[in-house]
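Structure, as structure tokens:
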Amino acid sequence: MKIPTISIPILQIPVEKNIQLFLKREDLIHPQISGNKYWKLFYNINSYLELKPKYPVLVTFGGAYSNHIAAVAALGNEYQTRTLGIIRGEELQHKWPENPTLQRAKDNGMDFQFVTRELYRDKDALTQMIKRLFPEALLIPEGGTNENAVKGVQFMLTEETKSFDYLCTAVGTGGTIAGISKFAEEKQQVLGFKVVDDCSLFERISNLSPKHNFKLIEAHDGKYGKITVENIRFINNFKEKYGIPLDPIYTGKMMKKLFEMIEADEFPAGSKILAFHTGGLQGIAGANELLKKQNRELIDMN
Ligand SMILES: *Cc1c(COP(=O)(O)O)cnc(C)c1O
């Protein structure tokens, strides 16, 4: 993988407080390997392909709408490397063509192995199985979080990001915030907006970043992946007002919570806040398929 030469825009979002809010459009980095997933895969893939494996295979794990699965499949296509996705949910075996994320991954050449939720949780058994079947494979953990992923996140921080008091990101498995924490400036505070109710997150992040400069804020609605009508309206409003699409699982939840915090004067006057748009827009199509089935409001797509 290369370091993209495009410069990533940092856009101001006007707010009616004595606060400056900006959004860094990391989602624009690559049409399919979007946002933080690009950087999390960067060192993992490069160090693997440098070994010049004879039969290179990228194997990873994910749910049916996973941004990580989408990114790994697109990567395999771009670097002509075989990819295998271990997908949670046996029932998808026959239904995957109805799922936009999996359909696109398949178009990008990914093979699937659908497993029960029970086996999916047993990562040790799965890992052993994969190692037996593909001894040379690169096994990328769920969500892509590992030491190499954290190292890649340094590229989200630049000269321009140094002037901000707060750096904000959505948090799933914690790799992205660990990288931001690790490579932030001394005076910067890092805020992680948790979209998953996972009490092991703080410890996991602390194991990946040596600094105590981060704070976790609840931004989930009880359950990972839950999309409330308030989420949908916030995202549609945001798009109409600022022309920037947000995804319903990560960035939409972060920005909604961040707006609420700004509204409640939780930041000192004069604060300069930078939020990272970590991508995930490929997930909108799949979310809308579900919402349509439930006869609910949809997320604007154009
Ligand atoms: C995966 C993902 C995250 C979370 O990243 P972690 O490193 O797993 O915490 C945030 N935003 C988007 C859009 C993602 O796809």
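The values are calculated or read from the model by the stated rules, or taken from the named source; none is laboratory data. Here the structure is a predicted model, which is why all the values come from computation and not from measurement. Glycine gets a Cβ as well: all are built from the backbone with ideal geometry, and neighbour counts include every protein chain shown.
Overview of results
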quantity	calculated
Lone qualifier among Asn207, Asn213 - being touching a strand residue (DSSP E or B) at 6+ places or on another chain (Cβ under 9 Å) and not assigned by TED's automatic domain parsing to the domain that holds Asn67	Asn213
Within the stretch 19-68, considering residues that are of a type in the set (Lys, Arg) and outside any helix (DSSP H, G or I), the one nearest to His94 (Cα to Cα)	Lys54
Residue count for the stretch 198-208, restricted to those that are in a loop (DSSP other than H, G, I, E, B) and either within 12 Å of the ligand (Cβ to nearest atom) or in contact with an Asp or Glu (Cβ under 8 Å, 6 or more places away or on another chain) (or both)	1
Contacts under 7 angstrom Cβ, first residue in the stretch 239-252 being in the same structural domain as Ser66 (by TED's automatic domain parsing), partner within 9 Å of the ligand (Cβ to nearest atom) and part of a helix (DSSP H, G or I), 6 or more apart	none
Residue satisfying all of: in the stretch 243-291; farther than 30 Å from Gln103 by Cα and β-branched (Val, Ile, Thr); surrounded by the most Cβ atoms within 10 Å (Cβ to Cβ) among these	Ile273
Selected residue (criterion: surrounded by the fewest Cβ atoms within 10 Å (Cβ to Cβ)) from residues of the stretch 292-302 that are at pLDDT 95 or above and either within 13 Å of the chain's Cα centre (by Cα) or of a type in the set (A, V, I, L, M, F, W, C) (or both)	Leu298
Checking Gln188 against (1) over 17 Å from Thr278 (Cβ atoms); (2) within 15 Å of the ligand (Cβ to nearest atom); (3) in contact with a Lys or Arg (Cβ under 9 Å, 6 or more places away or on another chain), the condition it does not meet	(2)
